[in-house]
Amino acid sequence: MSNNEEIKLQLRPRATEVVSMKIPVDTLASLEKVAADKDMSIEALMKFYIGQGLREDIAKLFNERLLNTTVEVLSRHLQSEAEISQNMQEIKAETIK
């Protein structure tokens, strides 16, 4: 890409809804400080925190579903509960690396 080429960031618009919530005053003060330090609005910072936590939880749910499905598949092909357990322990150990 040459220096004259312009990089365009395209965000896809998504439907939004206004949500009202009570936040402790001290928490709001902390949010204001952090938002100012990051040169962000409080709303943007809260969206960032919510998105970050949500992605983490969705990943955990996916991993749990994947492990449960793995147990189901192994139990259809292996007769021994001990062998299934050993395989699952190995899978978990390998994914932590």
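Rule-based calculations on the coordinates, nothing more; no lab input. Every value quoted in this text rests on a predicted model; they were computed, and no experiment measured them. No Cβ is skipped: glycine too gets one built from the backbone with ideal geometry, and neighbour counts run over all protein chains shown.
Working ranking of peptides 83-92, 58-67, 12-21 by packing, defined as the average number of other Cβ atoms within 10 Å per residue, highest first, is 83-92, 58-67, 12-21. Extending 7 Å from the Cα toward the beta-carbon at both SER41 and GLN10 defines two label points whose distance is 2.5 nm.
When ranked by the protection proxy of mean other Cβ atoms within 10 Å per residue, highest first, what sequence do the peptides 71-78, 22-29 form? Could you put the intermediate results ahead of the total?
Details: 71-78: 11.8, 22-29: 9.2.
The most tightly packed comes first, giving 71-78, 22-29.
Centroid-to-centroid, using Cα positions, the range 1-55 and the range 79-97 are 40 Å apart. Over the residues of the chain, the helix contribution to mean residue ellipticity at 222 nm works out to -23500 deg cm²/dmol, using -39500 (n - 2.57) for each DSSP H run of at least 4.
With R₀ fixed at 22 Å, the C-beta to C-beta distance from THR27 to LEU61 puts the FRET efficiency at about 0.25. From the P(r) of the range 25-96, can you give the percent of Cα pairs sitting at distances over 19 Å? Summing the P(r) tail past 19 Å for the range 25-96 gives 56 percent.
About the Cα centre, and with charges only on the beta carbon of Lys, Arg (+1) and Asp, Glu (-1), how big is the dipole of the chain? Nearest 20 debye, please. Please report the intermediate quantities before stating the final value.
Details: 13 positive and 16 negative charges, 43 e Å.
Dipole size: approximately 200 debye.
Among ALA93, ILE50, VAL71, whose Cα sits farthest toward the positive end of the charge dipole of the chain (+1 at Cβ of Lys/Arg, -1 at Cβ of Asp/Glu, about the Cα centre)? With unit charges placed on the Cβ atoms, the residue in question is ILE50. A simple spin-label model places the labels of VAL34 and VAL73 3.8 nm from each other, with each point 7 Å out along Cα-to-Cβ.
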